[in-house]
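Q: Right, I'll just put the structure down here and ask away after.
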Amino acid sequence: MTLLHYPQDISRAVLSVTKDKIVILLLMNIIMLVAPGESKGTHAAVLCEHFGIPTISTGNMIREALKNGTEMGLKAKSFMDEGKLVPDEVVIGIVKERLSQDDCSKGFILDGFPRTIPQAEALDKMGVEIQYVINIDVADERIIKRMSGRRVCENCGKPYHLTNLPPKVEGVCDDCNGILVQRKDDHPDTVLARLETYHKETEPLVSYYEKQGKLVTVKGQDDVEATTKAILEGIEA
Ligand code: AMP
């Protein structure tokens with residue numbers, strides 16, 4: 001049995017049991033720091049099930065707000081459609097509110113936040129303790145190839161990929177029979193803009209968290225399951 005992180009409050013422990021080891025983890029707060037197009041939602045879903053902690057996806061929250069026609073959603077639309085980031089103060093506000101909810105007390109996976117240095121600093125200022133920052137390393141050419149094959153269920157939001165993670169029935173969601181569509185921000189011209197934004201705004205977070213000793217870098221592979229396995233090994237779970 002391995003005990004990671006000193007148990008100041010045992011009620012917040014998360015148990016990870018695998019074939020050959022039992023690991024007790026405290027406060028499993030994880031950041032998924034991933035270039036656009038890498039299946040961060042898929043990896044986050046596996047970690048979420050593994051540890052029994054929620055995934056907080058700012059992209060999904062913004063899309064939900066847009067679907068519901070809220071003022072924030074409408075404000076975010078033009079930024080998203082152009083492959084740009086939504087202003088920091090908007091995203092920081094929604095994350096702060098979400099992290100205050102009860103289900104985050106034993107930990108959470110932040111999928112797509114922070115994406116800028118000011119967002120990371122805001123998280124530090126909120127007093128949020130992060131244990132691991134998962135950095136999935138992927139070359140730009142692979143990202144472009146990957147994004148062109150991405151589809152998402154227009155009903156429940158479940159992600160798919162035409163070659164790497166295809167649905168059982170072409171064009172139809174395995175879970176809810178919803179129609180699979182290509183997100184506007186996955187269109188080729190938007191993809192290039194998102195990559196540029198990533199290198200300029202988000203990549204500096206790699207050294208930000210490396211300095212804090214929290215970075216776990218994993219090579220992105222075509223096989224999504226292999227990448228997820230490497231992530232779990234990287235965080236000793
Ligand atoms: P994602 O689904 O995480 O790729 O996010 C889709 C889009 O939502 C991004 O291209 C941004 O326009 C916006 N977005 C998501 N998370 C953030 C964030 N942390 N900061 C700013 N914009 C964000």
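Q: Ignoring the sites themselves, what is the longest stretch of the chain with no trypsin sites (Lys or Arg not before Pro) in a DSSP loop and at most 14 other beta-carbon atoms within 10 Å? Can you show the working numbers first?
A: On the way: sites that count: Lys19, Lys21, Lys168.
Answer - 22-167.
Q: Using only alpha carbons, build the gyration tensor for the chain and give me the equivalent ellipsoid semi-axes, biggest first, whole Å. Don't skip to the answer; put the middle values down first.
A: Details: eigenvalues 151, 92, 65 Å².
Ellipsoid half-lengths, sorted descending, are 27, 21, 18 Å.
Q: Let me ask something else. Given Val191, Ser207, Cys176, which one lies farthest toward the positive end of the charge dipole of segment 160-219, if we put +1 on the Cβ of every Lys and Arg and -1 on the Cβ of every Asp and Glu?
A: Ser207
Q: Starting from the alpha-carbon convex hull of segment 87-173, give the projected area averaged over all orientations, in nm². Mind showing how you got there, number by number?
A: Details: hull surface 31.8 nm².
Seen from a random direction, the Cα hull of segment 87-173 projects 7.9 nm² on average.
Q: Let me ask something additional. If I take the Cα coordinates of segment 117-237 and project them onto the principal axes, what are the three extents in Å, biggest first?
A: The Cα atoms of segment 117-237 stretch 45, 35, 29 Å along their principal axes.
Q: Here's another thing I want to ask about it. Give the carbon-plus-sulfur fraction of the accessible surface of the chain in %, rounded to a whole number; probe 1.4 Å, heavy atoms of protein chains only.
A: Working: 6520 of 12310 Å².
Carbon-and-sulfur percentage of accessible area, whole number: 53.
Q: Where does segment 89-130 land on the Kirkwood hydrodynamic radius, alpha-carbon pairs, in angstrom? Present the calculation step by step, with values, prior to reporting the outcome.
A: Values: mean 1/r = 0.0942 Å⁻¹.
Every distinct Cα pair counted, the radius reaches 10.6 Å.
Q: A follow-up question, please. Relative contact order of the chain: what whole-number percent is it, with Cα pairs under 8 angstrom and at least 6 residues apart? Each step should come with its number before you reach the end.
A: Numbers: 365 pairs, mean separation 57.7, N = 237.
Across the chain, relative contact order equals 24 percent.
Q: Continuing with the same structure: What full-extension length gain, to one decimal in nm, is calculated for Glu141 and Leu74 as 0.36 nm per residue of separation minus the Cα-Cα distance?
A: On the way: separation 67, 0.36 × 67 = 24.12 nm, distance 3.15 nm.
Here the answer is 21.0 nm.
Q: Compute, for the chain, the length of the dipole vector about the Cα centre, with Cβ point charges of +1 (Lys, Arg) and -1 (Asp, Glu) only. Units Debye, rounded to 20.
A: Details: 29 positive and 36 negative charges, 29 e Å.
The calculation lands at about 140 debye.
Q: Work out the P(r) tail for segment 136-189: percent of alpha carbon pairs separated by more than 12 Å, whole number.
A: Values: 884 of 1431 pairs.
Pairs farther apart than 12 Å: 62 percent.
Q: Please list, by residue number, every one of the GluC sites (Glu not before Pro) in segment 74-132 that is coil in DSSP and has at most 16 other beta-carbon atoms within 10 Å. Intermediate results must be reported in sequence, preceding the final value.
A: Working: sites: Glu82, Glu89, Glu97, Glu121, Glu129; in loops: Glu82, Glu129.
Those satisfying the criteria are Glu82, Glu129.
Q: Give the residue from Ala44, Thr217, Val128 lying farthest towards the positive end of the charge dipole for the chain; charges sit on Cβ (+1 for Lys and Arg, -1 for Asp and Glu) and the dipole is referred to the Cα centre.
A: Positive-most Cα among the choices belongs to Ala44.
Q: Then there's this: For segment 156-200, with only Lys/Arg (+1) and Asp/Glu (-1) charged at the beta-carbon, what is the dipole magnitude about the Cα centre, in debye rounded to 20? Write down the numbers at each step before the final one.
A: Values: 6 positive and 7 negative charges, 21 e Å.
Using only the charged Cβ atoms, the result is roughly 100 debye.
The values are calculated or read from the model by the stated rules, or taken from the named source; none is laboratory data. The structure presented is a predicted model; accordingly, all values stated were derived computationally and were not measured. For neighbour counting, all protein chains shown are included, and Cβ atoms are generated from backbone atoms with ideal geometry for every residue, glycine included. Accessible surface is based on the protein model in full, side chains and every heavy atom, while ligands, DNA and RNA are left aside. Shrake-Rupley method; radii C 1.70, N 1.55, O 1.52, S 1.80 Å.
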